[in-house]
Amino acid sequence: MNTFGTRLRLTTFGESHGVAVGAVLDGMPCGVRIDTKFLQSELDKRRPGRNKYSTARNEADKIEIFSGVFDGVSTGTPIGFAIFNSNQKSNDYDNLREIFRPGHADFTYFAKYGIRDHRGGGRSSARESAVRVAAGAFAQMLLNEFNISVNSGVFSVGDISSGDVLDWDLANKSEIFSLGNEDAMKELIMKTRDEHDSIGACVVSVASGVMAGLGEGLYNKLDAAFAEALMGINGVKAVEIGQGTNASRLKGSQNNDQIAIKNSSKNLIKNVEFLSNNSGGILGGMSNSDDIVLKTHFKPTPSIFKSQQTINLNGDKIDFELRGRHDPCIGIRGCVVANAMIRLVIADMLLLNASSNINNLKKIYN
């Protein structure tokens, strides 16, 4: 499927070495201020060729909006946009026309369709994620109306961790979006690249200002939606919420977040305070008003420049070495994509929640 979301629906198109990648974002309410400078700045964070820690493919990633925006605000109609490809080097992939690259989607795409685009993986390429970043920026413009923010940073690269303190100021100015221990992370990335290899990474994301009650109780749970969205990013192999895998080692008395009241306000829902956040801001598939905390784990980039064993379309054993331009650590630019997908999920749940209560509908129609 190429469509994501329930009320705010994103349908993407395009391939890595095609004319463009693009999308239709349907369901954005009318009247949201569209900040094109912010939109482009988010794409600039993810764009290839921005520094030595990413692929050398140098795309401007300039977005063109075709519909759904008039006089600087959304019209309520589908927002259509595209990012045109300009720096493809398709010849770098000629030797892969009949070869399945280890760690890539080459084999599975061929098994499903009986045909594949060998030029950078075609539709399976992370090039498509530029569209998700743009859509996430549009979603953030909606979230701004409710003072909801989402921030992501690189928590670890290989076995180099940022530690217990998450430095968001550092992440905002870091070339690799590091939350701490930046120099050691950079050194490991460059050492791995010099060895013609790649390295994995973990990204931490925090959504603040999310009101209680977003998410559905059973089949569209907020945590399940986050997991689906983040696992759908190229190279993601695990997602944790709150204590994540550590919760399986705790007792209930350690994991439960005890509840208190902030003050004597009559608004009970807005006055609740959780004394810890082991749940990661989600209980029973719904937001509880605390910070939503997620970890996204990216595998090492499968495109490495070492001799590897594989097979060709005839089933012959092949030893080959890859050519081309690739990220030594996909978690770096993947950090920007994870942030975008979280924004999209929250915006979708915000719209979905609007019809959860008859009183909400009466406020609109009465």
Review point. Which one of Val32, Val203, Val133 has the biggest mean-square fluctuation once the chain is modelled by GNM with Cα springs under 10 Å?
Key: Val32
Practice item. Treating only the Cβ atoms of Lys and Arg (+1) and Asp and Glu (-1) as charged, compute the dipole magnitude of region 33-87 about its Cα centre; round to the nearest 20 debye. Key: 340 debye
**Study point:** Electrostatic dipole magnitude of the chain [Cβ: Lys, Arg +1; Asp, Glu -1; Cα centre; debye, to 20]
**Key:** 540 debye
Study note, to complete from the structure: Quick tally, 1.4 Å probe accessible area for Leu344, Leu352, sorted with the most first, runs Leu352, Leu344
Study note, to complete from the structure: Here the FRET efficiency for Gln258 versus Ala212, based on Cβ atoms and R0 = 25 Å and rounded to 0.05, is 0.95
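Let me make sure I get this right: for region 77-218, a, b and c are the square roots of the gyration tensor eigenvalues over alpha carbons, sorted descending. Under 1.5 in a/c it's rounded, otherwise prolate if a/b > b/c, else oblate. Which is it? Show your work: numbers first, answer last.
On the way: a/c = 2.09, a/b = 1.25, b/c = 1.67.
Verdict is oblate for region 77-218.
Using only DSSP helix segments of four residues or longer, with each worth -39500 (n - 2.57), what per-residue ellipticity at 222 nm results for the chain after dividing by its residue count and rounding to 500? Walk me through the intermediate numbers first.
Details: 9 runs with 100 residues, N = 366.
Calculated at 222 nm, the ellipticity per residue is -8500 deg cm²/dmol.
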Point to revise | 3J(HN,Hα) from dihedral phi, region 201-217, Karplus parametrisation 6.51/-1.76/1.60, rounded to Hz, x for glycine, proline | key: 7, 10, 10, 9, 10, 10, 9, 10, x, 6, 5, 5, x, 7, x, 9, x
Point to revise | Set of lysines near Lys191 by C-alpha distance (under 28 Å), chain-local residues within fewer than 8 positions excluded | key: Lys45, Lys52, Lys89, Lys173, Lys237, Lys295, Lys299, Lys306
Check your understanding: Which whole-Hz couplings ³J(HN,Hα) result when phi for each residue of region 287-295 is put into the Karplus expression 6.51 cos²θ - 1.76 cosθ + 1.60, θ = phi - 60°, listed in order with x for Gly and Pro?
Key -> 5, 10, 5, 7, 4, 8, 10, 10, 10
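Does region 110-193 come out rounded, prolate or oblate by the C-alpha gyration tensor, with a ≥ b ≥ c the root eigenvalues, rounded set by a/c under 1.5 and, if not, prolate when a/b is larger than b/c and oblate if not?
Numbers: a/c = 3.08, a/b = 1.23, b/c = 2.49.
Oblate, because a/c is 1.5 or more while a/b does not exceed b/c.
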Check your understanding: Magnitude of the Cβ-charge dipole of region 207-294, K/R +1 and D/E -1, about the Cα centre, nearest 20 debye?
Key -> 180 debye
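Once fully extended, how much extra length lies between Phe70 and Ser149, figured as 0.36 nm per residue of separation less the alpha-carbon to alpha-carbon distance? Let's see the in-between values first.
Numbers: separation 79, 0.36 × 79 = 28.44 nm, distance 2.51 nm.
Length gained, Phe70 through Ser149: 25.9 nm.
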Exercise for review: Could you work out how far helix 222-231 tilts from the main Cα principal axis of the chain, as a 0 to 90 degree angle to the nearest 10?
Suggested key: 10 degrees
Exercise for review: Pop a pseudo-label 7 angstrom from the Cα along the beta-carbon direction at both Asn366 and Lys266 and give the gap in nm to one decimal.
Suggested key: 1.8 nm
Review point. Among Tyr219, Asn339, Phe138, whose Cα lies farthest out toward the positive end of the dipole of the chain, if unit charges sit on the beta carbon of Lys, Arg (+1) and Asp, Glu (-1)?
Key: Tyr219
Review point. Taking H as built 1.01 Å from N, whose amide H comes closer than 5 Å to the amide H of Phe100, not counting residues under 5 places away?
Key: Ile311
**Study point:** Net length gained if the chain between Asn51 and Gln309 were fully extended (0.36 nm per residue, minus Cα distance)
**Key:** 89.8 nm
Check your understanding: Roughly speaking, what is the stretch gain from Ser41 to Asn220, that is 0.36 nm per residue apart minus the C-alpha to C-alpha distance, in nm to one decimal?
Key -> 61.3 nm
Review point. On a 0 to 90 degree scale, rounded to 10, what angle separates helix 330-353 from the longest Cα axis of the chain?
Key: 40 degrees
Point to revise | region 168-181 - phi-based ³J(HN,Hα) in whole Hz, Karplus 6.51/-1.76/1.60, Gly and Pro as x | key: 6, 5, 5, 4, 5, 10, 6, 5, 10, 6, 5, 8, x, 6
Review point. What nm distance separates the two modelled labels at Ala247 and Asp319, each placed 7 Å from Cα along Cα→Cβ?
Key: 4.8 nm
**Study point:** Tilt relative to the chain, helix 182-194 - C-alpha long axis, 0 to 90 degrees, to 10
**Key:** 30 degrees
Point to revise | Residues with amide H under 5 Å from that of Ala212, placed H, sequence gap 5 or more | key: Ser289
**Study point:** Positive-end residue, region 1-130 charge dipole about Cα centroid, Cβ charges, pick of Ala126, Val32, Gly80
**Key:** Ala126
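The values are calculated or read from the model by the stated rules, or taken from the named source; none is laboratory data. It should be emphasised that the depicted structure is a prediction, and the values quoted were computed from it without experimental measurement. Please note: Cβ atoms are built from the backbone with ideal geometry, for glycine as well, and neighbour counts cover all protein chains shown. In case anyone asks, the SASA skips ligands and DNA or RNA and just uses the protein heavy atoms, side chains included. Shrake-Rupley method; radii C 1.70, N 1.55, O 1.52, S 1.80 Å.
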